[in-house]
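S.K.: Provided herewith is a single structure, encoded as structure tokens, for subsequent inquiry.
Read-outs throughout are calculated quantities, based only on the coordinates presented, and are distinct from any laboratory measurement. All values derive from a computational prediction rather than experimental measurement. Virtual Cβ from ideal backbone geometry, glycine too; neighbours counted across all protein chains shown.
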Amino acid sequence: MAQDSGTRTLISHAQLSRGRGRVIYWTLLIVVVAGFTLVFLGPLYWMVTGALKSGQEIAQTPPSLFPKDPQPQNYIDAWNNLALAKLLFNTFYYAIGAVLFQLVFDTAAAYSLSKLRPIFGNAILALMLGTLMIPAMVLIVPQYVTVIDLPIVHINLLDSPFAIWLPLVANAFNIFLLKRFFDSIPEELMAAALMDGATSLRTLWSIILPLSRPILGVVSIFAVTAVWKDFLWPKLVMPSPETRTVSVGIYAFAGGTPMNVVIAASVIAAIPTVIIFLIFQRNIMSGLTTGSIKG
Amino acid sequence: MTITTVPETPRKPGRPPSPYSARPQRTSLGRKVRDNLTGHAFLIGAVLCFVVFSWYPMIRGIVMSFQRTRRGETTWVGWDNYSRIIADPSFWTAWQNTFYFTVLALALGYVVPFFVAVLLNEFRHAKGYLRILVYLPVMLPPASALFLFKFYAYDPSEAGLFNAILKALHLPTSQWMQSPEMTMPAMVVASTWMNMGGAVLIYLASLQNIPGELYEAAELDGAGIWRRIVHVTIPQTRLILALMAMLQIVATMQLFIEPLILANGAGAEDSATSVAYLIYQHGFFQNDLNGAAALGVIMLVVLAGFSAVYVRLTAKQD
């Protein structure tokens, strides 16, 4: 036990490291590790191996734990029949665009609200934060009506990636997260840059942004996973088969496709986010808690 | 411990801090106007997106709910959309189902993550592994996870995962999504499995902020584990607990993708129809965008009511 000097929790370390406490602690730990593995990893195992089974094997009772005669054919069928390459490419394209748009516009806005503080800045921030109170489902209809006929310019954004990118810029949570990070950057650094005659843009580029890499990373990861997980909005604004995202595409094919193939496609659709999570889990978890704890 | 966001020290400190530590004090009118213009120039991109995709739709939703568009002609119809929506027999079923889901989801998805976090916080081993496990389902696309539940877990024959387990334990099997009674509990289980990771991590972070002396003092006073949870852990995390309750109510009231995928929308005997699904039905299948907008406004009012109660309750506590 390396970090024993850490904070004390519900039950003291001393109690857990001797005699009966120790036995209970280890038993409970093993039970919980085994239970959690079963509950959270078990279904994923079932999903990956189930998609390897033949149609007959999946319908047999009791179900088999290992596929008797693994059939990678389901995965190949999923890839070909559902045109997964195209769907994955679309989703990836929307995700990357979403990251770029959010980084450029939300960072600029947060920088302005935190450091430049123009007149009415606080009122604008309050109005932005107010949107956090409005549930997405309430806005879905008027948002859709707006997207199919943008006010003043009268452009229809259906099937255009901008229909996904631009609404995501209106993300008060990101602006709040970025602004709070920028607030923690000392004012003296700004003043020094101003004395050197740097413009606001230059200060943002060469002083603020290099210091903000961690939070920019968090915002980017959230943007990618949000696009990857979203369902109803892309389903509405990307109606053509050529522009669908991967989740919507699988849903559209689910009716007329053997269920093992649907599951195989679901596995493939989940791989990118799972990989992102395993690589960036620290950033994701810290970003999640930064936003909520202090406030 | 809070995850603090302290910036690292700059690599190129430039020149030493100037004697004028704050902004240079040249406040000519021209300068002020220019500074403000620069500030707004940085804001304009995000503000435009908020105007077009958030603030304007908010107002438009309310306006639309009092209008009717037929063959390209829009007229004011007063409360007609509201009375039509309320007269729809699915309206009350949808609200009943949604409230039922919210209550079940609170019972399961609110209590369980808290105790999971309390438990994980006691462990000195395998912490990272357990945290990754709990959060893993959150990263799956909901459609993928729900197809897994639909085809493999809730298969009504005995080849389904849950029925196979029940049978192995000699318990009665279930028809799951094909039985009106089991539809909601089955959706809550799937939804909790997919979503609880976020709540667990947030609780874990707030548990780590509780000063250890409080537990020590409680123990010296002879408080057992359960009393320490009730008198130390819960009061110390009550702000986060209250906030999460509110967030969860708002999230579960928007129940949509679970009925759509698991129950093909309405489910057995309308047991899965939710308010959000009804909005979708009216707006995009029955060609009644105005009615859908009215239903959206009703949902907003109900949620605002919950928020008001929440603000009242939390304001009293402090």
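S.K.: Round to a whole angstrom and tell me the spacing of the C-alpha centers of region A:3-78 and region A:180-259.
M.R.: 33
S.K.: I want to check the label-to-label distance for A:Ile155 and A:Ala123. Put each point 7 Å from Cα in the C-beta direction and report it in nm to one decimal.
M.R.: Placing both labels 7 Å beyond Cα along the Cβ direction yields 2.9 nm.
S.K.: Select from region B:22-98 those trypsin sites (Lys or Arg not before Pro) which occupy a DSSP coil region and have at most 13 other Cβ atoms within 10 Å, ordered by residue number.
M.R.: Counting only loop positions with at most 13 other Cβ atoms within 10 Å, the trypsin sites (Lys or Arg not before Pro) in region B:22-98 are B:Arg26, B:Arg71.
S.K.: Hydropathy first: keep DSSP H helices in chain B averaging at least 0.0 on Kyte-Doolittle, then drop any whose Cα extent along the axis falls short of 24 Å, and list what survives. Walk me through the intermediate numbers first.
M.R.: Working: long enough: B:29-50 (30 Å, 0.67); B:89-109 (29 Å, 0.69); B:180-207 (39 Å, 1.04); B:289-317 (42 Å, 1.40).
Span-like helices here: B:29-50, B:89-109, B:180-207, B:289-317.
S.K.: Over what distance in Å are the Cα centres of region B:264-307 and region B:190-209 separated?
M.R.: 28
S.K.: Given a Förster radius of 25 Å and the C-beta distance between B:Leu29 and A:Glu188 as r, what FRET efficiency does 1/(1 + (r/R0)^6) yield to the nearest 0.05? Show your work: numbers first, answer last.
M.R.: On the way: r = 27 Å, r/R0 = 1.07.
Computed FRET efficiency for B:Leu29 and A:Glu188 comes out at 0.40.
S.K.: Report the relative contact order of chain B, percent, no decimals, based on alpha-carbon pairs under 8 angstrom and at least 6 residues apart. Walk me through the numbers on the way to the answer.
M.R.: Numbers: 304 pairs, mean separation 80.4, N = 318.
Relative contact order of chain B: 25 percent.
S.K.: If you average the C-alpha positions of region B:32-89 and of region B:100-145 separately, how far apart do those two centres end up, in angstrom?
M.R.: Value for the Cα centre distance between the two parts: 37 Å.
S.K.: Could I ask something else about it? Express the relative contact order of chain A as a whole percentage, based on alpha carbon pairs under 8 Å and six or more residues apart in sequence. Provide the component values of the computation, followed by the final result.
M.R.: Details: 240 pairs, mean separation 78.1, N = 295.
Relative contact order here is 26 percent.
S.K.: Can you show me the helix-derived [θ] at 222 nm for the protein assembly as shown, built from DSSP H runs with n ≥ 4 at -39,500 (n - 2.57) apiece and divided by the number of residues, rounded to the nearest 500. Don't skip to the end; give the middle numbers.
M.R.: On the way: 32 runs with 392 residues, N = 613.
After summing the helix terms and dividing by residue count, I get -20000 deg cm²/dmol.
S.K.: Would you work out the relative contact order for region B:156-202, in percent, from Cα pairs under 8 angstrom that are 6 or more residues apart? Before the final figure, lay out the partial values.
M.R.: Details: 23 pairs, mean separation 11.0, N = 47.
Taking the mean separation of contacting Cα pairs over the length of region B:156-202, I get 23 percent.
S.K.: Go ahead and run the numbers for FRET between B:Ile165 and A:Ile30, Cβ-Cβ distance against an R0 of 25 Å, rounding to 0.05.
M.R.: Values: r = 21 Å, r/R0 = 0.84.
After rounding to 0.05, the efficiency reads 0.75.
S.K.: Something else about it: Which helices, counted as full DSSP H runs in chain A, have an axial Cα extent of no less than 27 Å and a Kyte-Doolittle average of 1.0 or above? Could you put the intermediate results ahead of the total?
M.R.: Numbers: long enough: A:259-293 (42 Å, 1.57).
Result, helices passing both filters: A:259-293.
S.K.: Something else now. Between A:Met195 and B:Arg227, what is the label-point separation in nm under the 7 Å Cα-to-beta-carbon projection?
M.R.: Inter-label distance under the simple model: 6.1 nm.
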